[in-house]
Amino acid sequence: MEDRFDRIEKLLALILLELMKGTSQAVKIRRLNLAGFTNAEIADFLETKAAVVAVRLSESRKKNNK
């Protein structure tokens, strides 16, 4: 059953990424984070590192607090 949920999550991520074609990496990271994906999962989807995802999310939060 857990494998099924993992597959559904991956399909959701692929759909979200397809809908976000042409948007910046920062926007993709924010939206995937809002969808409930972890930094590690987002990094895997975007072929980057979890630390990059964490920095982008931090920058986004700082920007929204201004």
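Are any residues in segment 15-66 touching a helix residue (DSSP H, G or I) at 6+ places or on another chain (Cβ under 8 Å) and basic (Lys, Arg), and if so, which ones? Once the filter is applied, which keeps residues that are touching a helix residue (DSSP H, G or I) at 6+ places or on another chain (Cβ under 8 Å) and basic (Lys, Arg), segment 15-66 yields Lys28, Arg30, Arg31, Lys49, Arg56. Identification of helices (runs of 4 or more DSSP H) wholly contained in segment 10-65 with 2 or more residues that are in contact with a strand residue (DSSP E or B) (Cβ under 7 Å, 6 or more places away or on another chain) and basic (Lys, Arg) yields no element.
Residue-by-condition table, conditions (1) under 24 Å from Lys63 (Cα atoms); (2) surrounded by 14 or more Cβ atoms within 10 Å (Cβ to Cβ); (3) at pLDDT 90 or above; (4) more than 11 Å from the chain's Cα centre (by Cα):
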residue	(1), (2), (3), (4)
Asp3	no, no, no, yes
Leu16	yes, yes, no, no
Ala26	yes, yes, yes, no
Gly36	yes, no, no, no
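Of all residues in segment 41-64, exactly one satisfies the criterion of being surrounded by fewer than 12 Cβ atoms within 10 Å (Cβ to Cβ) and under 20 Å from Asp6 (Cα atoms), namely Glu47.
The values are calculated or read from the model by the stated rules, or taken from the named source; none is laboratory data. As the structure is a prediction and not an experimental result, all values here were calculated from the model. Because the Cβ atoms are built from the backbone with ideal geometry, glycine has one as well, and the counts that use them run over all protein chains shown.
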